[in-house]
Amino acid sequence: MSLSQVGYLVPLNQNLEEDTSLSKLPVTDGLNSIGRNNIPVSDKRLSRKHLTLTAYADGSANLVVDGTNPIVVNSGNKRKKLNSQDKATISAGDIIELIPGHHLYKYEVLGGEKKGSSVNTGKRYSSGGRKGNEVSSGNEGSGRNSEPLQNRVETYDQERGRNAVTHEFGSSQSIEHSSAEAIRHFHVPNYELPSTFRLLSVKGLPQWANTSCVSINDVIQGDILVALLSNYMVDIDWLIPACPALSKIPHVLVIHGESDGKVDYMKRNLPANWILHKPPLPISFGTHHSKAMLLVYPHGVRVIVHTANLIYVDWNNKSQGLWMQDFPWKDQNNPTNGSGFENDLIEYLNVLKWPEFSVKLPSLGNFSINPSFFKKFEYGSAMVRLVASVPGYHTGTNLKRWGHMKLKSLLQECTFDEEFKNSPIVYQFSSLGSLDEKWMAELTSSMSAGISEDKTPLGIGKPLIIFPTVEDVRCSLEGYAAGNAIPSPLKNVEKDFLKKYWAKWKADHTGRSRAMPHIKTFTRYNGQKLAWFLLTSSNLSKAAWGALQKNNSQLMIRSYELGVLFLPSSIKRRGCYFSCTDHVSPSEDSSREQGSSQMCRTKFVTLVGMNSETAASSSEMIPLPVPYELPPQPYSSQDVPWSWDRKYSKKDVYGKAWPLLI
């Protein structure tokens, strides 16, 4: 058996049993031409090159009909006819009829089992009426759209991320085996959800890969009275139909970072009860990049911090993350002191300078919607801290209020286990700024802050940058179109000093190796344990994190950003589960928690480490669905980081080169 062999095409008789009179056709990693030359039957309806099967090492395969006669693909209970030049994705167990009803071959993967498949039988069109696969992927640094991309993702690859492997699990499964689909076991009770975050669902992935994942309609739901939507890009032509609940909200404020031309279009097409606001940008080259929602309900407020633009591709085709927690109205007769989370939130909202507006909330009264309004909610149960960036030259007491200096100040207040001394750090993001070694040392110093249990500093951690390669983008669910959302120019990416940092985007355990990351995360880890974890809108840039100036007495930031920081803490479980939308009794598990008043120290672990670490720990181990593999795998000598202003002639999974011709 060749090391590159993926599987076989096994000949079948009409009873769908193996026809042992014919030889199996080996399928190897890469292109496999199937036709009259390698099928020992006399049938002139078979072309010499009847179809091309492109197989990958993980067992996934794409086929293109090269001959003049149609073929049929049987997947599950579906039988689809493909004409010349039609494409399909097949998986283990699927049956190909080289001529409809004749010459049946079953695709078998070495060591694999059946997964989903999909078939594309028609011409594809993008939003502008363009034929073919030219896609304008609506993300930072590019044009937007496009709903037709859904068809491409679904018809190209229904079954999973590229390298995901399916296993059958028995009662004696090992941790190593279960890690292959670790997200399958990510089930968090409602009362624990604010302690972790969730990934957004990705279309085209198998059901296991979207376990405990969310869509926009899982988040924006219920009897919402006021909505504040903060984002960079907003496609109202997609957003309003995609999220029907928005049409029922009496008051909607959209805080955005769109260009003037797009704003003019939005104003002409917005519902009358929507207000648009673009925060001031006092320093050139800055953006409003924060992605968050504040949803006011009759019983409280829902705070959401996430990584997706309000556009189709971000909520359907990419690796993204989202945190949310609901908070009740304060008891006005017994007001409480503010919390760290409340201070973080109100300080940030004050800088946005949106136009105040008045509302009448049924059974609650008249209110002015300004930053102070959001002091009316009880945030004492918040499970995270906010780390925001706002544009400006920050000095004095403001120096540690924003950007990487805010992160540093929060880490300095925290005590970590000794195992995190000098432990490594991950920077994972989707756009790379123009960096230098001095600033990288500055950022690493902030992210290395904190003390260990023996009261000594944790020490400087070695950072690695997880970033997609050219090959990752080419073979992704979207093909090269995914590169529109990874807007890193060659001049930023090719700097020699960065070479020691590059590490691979590998996300088999969440099924997202081929769902390109738009999520941004920063973390310090040891094995599968996490000292802390930040989910944020911030890319790796001075504009987002800030750069120290004037002998470190001033921090200059260009952009608005927002993230949530998960820190280990000693908390008193008070049965504080609260939901703005659930009007049912807490679960049995939650009820048990309500009866507990013990202090509990929380720690964090990846999904891969859930079984081993939680079993061995006396602390409460909170699983975080970190989508990529830890420890990261450094680039090989053949790996090249993606840059969007280079030409790539090698065709992607849709047969396209880069840049896409539109």
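Where a number appears in this text, it was derived from the coordinates with a stated rule and is not lab data. Source: prediction; values computed, not measured. Here the Cβ positions follow ideal geometry from the backbone for every residue, glycine too, while neighbour counts run over all protein chains shown.
Some notes on this structure:
- The order of the peptides 34-47, 193-206 by mean Cβ neighbours within 10 Å, most packed first, is 193-206, 34-47.
- Summed residue charge, Cβ within 11 Å of Ala245's Cβ, Lys/Arg positive, Asp/Glu negative: -1
- Shape analysis of the range 281-391 yields a ratio of the Cα radius of gyration to the Kirkwood radius, Rg/Rh, of 0.98.
- Note on Ser569 and Asn350: the extension gain reaches 76.0 nm, defined as 0.36 nm multiplied by sequence separation minus the Cα-Cα distance.
- Using a Förster distance of 60 Å, the FRET efficiency for Ser84-Glu413 (Cβ separation, nearest 0.05): 0.35
- FRET efficiency for Ser21 and Leu110, using Cβ-Cβ distance with R0 set to 25 Å, rounded to 0.05: 0.65
- Gyration tensor (alpha-carbon) shape descriptor, the range 378-424, a/c threshold 1.5: oblate
- Our estimate of slack between Lys438 and Ala245, defined as 0.36 nm per intervening residue step minus the Cα-Cα distance, is 64.7 nm.
- Packing rank of 620-628, 217-225, 329-337, where each peptide gets the mean count of other beta carbons within 10 Å, highest leading: 620-628, 217-225, 329-337
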